[in-house]
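*Asks:* Below are the structure tokens for one structure; questions will follow.
The values are calculated or read from the model by the stated rules, or taken from the named source; none is laboratory data. Source: prediction; values computed, not measured. All Cβ positions, glycine included, derive from the backbone under ideal geometry; neighbour counts span all protein chains shown. Each accessible area value is taken on the protein alone, full model and side chains, heavy atoms only, with ligands, DNA and RNA left out. Shrake-Rupley method; radii C 1.70, N 1.55, O 1.52, S 1.80 Å.
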Amino acid sequence: MLLDLSKQELDAYVKALGFPAFRGKQIFDAMMQAKNLEEATSIPKEVKEKIATDYPHFEIAKKLVSRDGTTKFLIKLGDGEMVECVLMKYSYGSTICVSSQVGCRMGCKFCASTINGLVRNLTAGEILGQVLLVNRENGGTSKKRAVTNIVLMGMGEPLDNYDEVTKFLRLVSSKDGLNLSQRNITLSTCGLVPKIYKLADDGFSVTLTVSLHASSDEKRKQIMPIANAYSIKEILKACKYYFDKTGRRLSFEFTLIEGENDSLEEADRLAELVKGLPCHINVIPLNKVQERDYKGVNIKKAYAFVERLNQKGVAATKRRTMGDDIAGACGQLRSQMQKEKA
Ligand code: SAH
């Protein structure tokens, strides 16, 4: 698929087909504007015919706008699989939350994305395609972006699809493309320790956020199977390494589940764990997932948890819940559409 290629690779592809080099630029420009092949009027018919199967075939299958302006997009990929992404508008710009896999194999007990397991990895171009489509939908171009920040926090575990995700990071931050700085990109992981080291060693400098959700390994194992592979201690050591290499402040996600990890003692242990690490903790009450028994906590409890962390000298805030009137938690829009199709 042509969106998987860098500008240089695309130029080589065009050359191999026997077309002049400027055709490469035309194809590249059309893709950056998220045009489908019919809309790309500068590309002549004989070129279109040759590239038709390789040209990206994505579309926005459904769009839901929330009261607060947050928009959820369901994107249909070339093979008919669906992924969702979300655009959140802030005073400083717009952040898109993109998916990195169709489904997920991490098995976190409270998450909707993993219910049917992993269907397949997304390619770099399919991740980029989400950004380009939503940028276009919001009136942006590659020069004047409507999307200013990216979080890899949608469906899937980005570090479980390391090669395509890092290729995406290179493409989206490339000068030829959207030229979006890695400083404006956040990657969220459930804690695949060796891949955190690799990300640092490979020279990436995105903001790293780790989904912690528990302050002890026993508790973490109950809600996140990945905790059987890596301890919290190992995760924090890898995070420290990432900070030392990149100088980027770390962040941790802490989803509050009623009766599981919401006590003030939990906050105290968490504060103890991250002491001395340059980090910020995002506290978020669990969004109810229909198929799961876990419940979120009320706002008051979430604020009490945040306050306790602050008292202990830890930077923490309650994450704003956005778009909760349109589709609840991560992954739910996709399963909703699957039900509609069935
Ligand atoms: N696999 C990556 C990124 C995807 S999930 C990761 O684990 O970080 C993005 C965030 O949403 C994670 O912090 C995840 O734990 C959290 N999350 C999953 N299900 C949720 C739910 N029902 N309510 C609130 N947050 C949830």
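*Asks:* Output the pairs from K15/K143; K167/K198; K7/K35; K35/K143; K7/K76 with a Cα-Cα distance over 20 Å in this structure; if there are none, say none. Could the numbers behind the result be given before it?
*Replies:* Values: K15/K143 26 Å; K167/K198 14 Å; K7/K35 17 Å; K35/K143 15 Å; K7/K76 24 Å.
Among K15/K143; K167/K198; K7/K35; K35/K143; K7/K76, the Cα-Cα distance tops 20 Å for K15/K143; K7/K76.
*Asks:* Compute, for the chain, the length of the dipole vector about the Cα centre, with Cβ point charges of +1 (Lys, Arg) and -1 (Asp, Glu) only. Units Debye, rounded to 20.
*Replies:* 720 debye
*Asks:* Where does the chain land at 222 nm, in deg cm²/dmol rounded to the nearest 500, when only DSSP H runs of n ≥ 4 count, each adding -39500 (n - 2.57), divided by all residues?
*Replies:* It lands at -10500 deg cm²/dmol.
*Asks:* While we're on this one: Please name which of G259, A229, I51 has its Cα lying farthest along the dipole of the chain towards the positive end, using unit charges on Cβ (Lys, Arg +1; Asp, Glu -1) and the Cα centre as origin.
*Replies:* With unit charges placed on the Cβ atoms, the residue in question is G259.
*Asks:* If amide hydrogens are placed 1.01 Å from N in the peptide plane, which non-local residues have theirs closer than 5 Å to the one on G93?
*Replies:* Result for G93 returns nothing.
*Asks:* Give me the accessible area of M1, 1.4 Å probe, in Å² rounded to the nearest 10.
*Replies:* That residue has around 70 Å² of solvent-accessible surface.
*Asks:* Continuing with the same structure: Let's test the formula: R0 of 35 Å, r as the Cβ-Cβ distance of K144 and R249. What FRET efficiency results, to the nearest 0.05?
*Replies:* So, using R0 = 35 Å, E works out to roughly 0.75.
*Asks:* Peptides 301-312, 119-130: what's the order by average Cβ count within 10 Å, highest mean first?
*Replies:* 119-130, 301-312
*Asks:* Continuing with this model, one more query. Tell me which lysines have Cα within less than 18 Å of K318's Cα, excluding those fewer than 8 residues away on the same chain?
*Replies:* K89, K288, K295, K300, K301
*Asks:* Okay, moving on. Can you give the % of DSSP beta bridges in segment 176-318 that are antiparallel, to the nearest 5?
*Replies:* 5 percent
*Asks:* Determine the share of the chain's accessible area contributed by carbon and sulfur atoms, expressed in whole percent, with a 1.4 angstrom probe. Provide the component values of the computation, followed by the final result.
*Replies:* Values: 7520 of 15410 Å².
Answer for the chain: carbon and sulfur cover 49 percent of the accessible area.
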